[in-house]
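Input: a single structure, listed below in structure tokens.
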Amino acid sequence: MILAGDIGGTNARLALFDGDNGKFQLVSASVYPSREYSGLDEIVAKFVDMANVHADTACFGVAGPVRNGRVEASNLPWIIDAQRLSDELKIKQALLINDLEANAWGIAMLEAKDVVTLNQVKGDGVGNRAVISAGTGLGEAGMCWDGTEHHIFASEGGHGDFAPRNELEIDLLHYLHAKFGHVSYERIVSGPGLVNVFEFLRDTGRGSVPKWLADEMLRADPAAAISRAAMDGKDPLSEQALDIFVSIYGAEAGNLALKVMATGGVYLGGGIAPRLLSKLAGPLFMHAFTAKGRMQALLESMPVRVITNTNTALLGAARCAAIKSGKVEETVPVK
């Protein structure tokens, strides 16, 4: 039995998989609001007690840089230690990997129905791959192709410096610099980032906020309220904010694709992309993705896909645990 975790700033998702014969059958799964708990070990103890099943091995994908079996979560006041989790679970080893690593491990488990392609290219695309996911933060990872298989590596590229491309984005940079100091892509391409863009437009006199939307932003998740208002065409300021968000998302996805030389494809994971499919399929995202001067033709040849399977990171964590523990050498997708 494999215990897998997808640990983000908003939710901690845990699942048990039966990994016999290289196939992963979901046995049990639960979602916990991350900020309501003091640490991952508390959530793991609660889940294992509820499931009443002993795991043989475990792997957790966590938003943050994993070093020497420890990670300080990027958007949570948690320090997670692999040895402590191993002791809690009474197993030989619990693995900690970056959450985007977990997403990348899961891509091999996906079927055609689990992705939506945003562009049309010749062939399936062979070579390195890139994964970028906007959610509570902005995660990035790479998959290096050696001619036979992909080798997955994490990055913290979402924290790289934001590079404005026009006068409006220069004004956005100045606004965010005054607020945060260092301005990363995560300050824009994330749930909180969408709110930052919206507030920039509001505070610099580029539109007004209707009372109903201001009230909704106070009552619930403000990023979700802005996104809904934009997608439903109910508020021009929200629509402008979402357009800026999508364009900068495309620009940074293109930056990552160039750095990784992602001829095998770029995958958009996370919780935001599937909810914005109609917007991502429009011209803004792909125009920003390919607008790289002399490298435009190269980027136009790279397939770009949105992952719609919400269990991808959990499947990836389970697959990583199974391979690293020697339980399986090769895995096949769940049918």
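Remark on segment 176-253: Rg and Dmax equal 12.0, 35 Å (Cα only). Any idea what diffusion coefficient segment 91-240 gets from Stokes-Einstein, in µm²/s, Kirkwood Rh on alpha carbon pairs, 20 °C, 1.002 mPa s? D, rounded to a whole number, is 118 µm²/s.
Take the Kirkwood radius over Cα pairs of segment 240-314, plug it into Stokes-Einstein at 10 °C and 1.306 mPa s, and you get 126 µm²/s for translational diffusion. Dimensions of segment 124-169 along the principal axes, based on C-alpha atoms and rounded to the nearest Å, stand at 44, 22, 16, largest first. Normalised size of segment 191-235, defined as Cα radius of gyration per 2.2 N^0.38 Å with N residues, equals 1.04. Could you compute how fast the chain diffuses translationally, taking Rh as the Kirkwood radius over C-alpha pairs and applying Stokes-Einstein at 25 °C with viscosity 0.890 mPa s? Give it in µm² per second. Using the Kirkwood radius from Cα pairs, D works out to 119 µm²/s. Between Ala220 and Arg202, the simple label model (points 7 Å from Cα in the Cβ direction) yields a spacing of 1.7 nm. Taking only the alpha carbons of segment 1-76, we obtain Rg and Dmax values of 12.6, 37 Å in that order. Highest mean first, the peptides 76-82, 53-59, 1-7 sorted by other C-beta atoms within 10 Å per residue fall in the order 1-7, 53-59, 76-82. Per q in 0.24 1/Å, what log10 I(q)/I(0) does a Debye calculation on the alpha-carbon atoms of segment 1-45 return? With no solvent term, the Cα-only Debye profile gives -0.79.
Against the compact-protein benchmark of 2.2 N^0.38 Å, the Cα-based radius of gyration of segment 144-184 scales to 1.81. Each residue of segment 111-118 was assigned a 3J(HN,Hα) from its phi angle through the Karplus expression (A = 6.51, B = -1.76, C = 1.60, θ = phi - 60°), giving 9, 4, 6, 8, 9, 10, 8, 8 Hz with x at Gly and Pro.
Its Kirkwood hydrodynamic radius, worked out from the mean inverse distance over all distinct Cα pairs, puts segment 1-130 at 15.9 Å. Helices meeting the span-like rule in the chain (full DSSP H runs, Cα extent of at least 20 Å along the helix axis, mean Kyte-Doolittle score of -0.5 or higher): 236-260.
Here segment 49-103 and segment 162-211 have alpha carbon centers that stand 34 Å from each other.
Sorting 291-298, 227-234 by average packing, meaning the other beta carbons within 10 Å per residue, from highest down gives 227-234, 291-298. Between Val126 and Asp243, full extension at 0.36 nm per residue minus the direct alpha carbon distance yields a gain of 39.0 nm. What the pair-distance distribution of segment 120-208 shows, using all Cα-Cα distances binned every 5 Å from zero, is 3, 13, 18, 18, 14, 11, 9, 7, 5, 2, 0 percent.
Read-outs: derived from the displayed coordinates by stated rules, not from any lab. Since we're looking at a predicted model, the values are computed, not measured. When we count neighbours, we look across all protein chains shown, and the Cβ atoms used for this are built from the backbone with ideal geometry, even at glycine.
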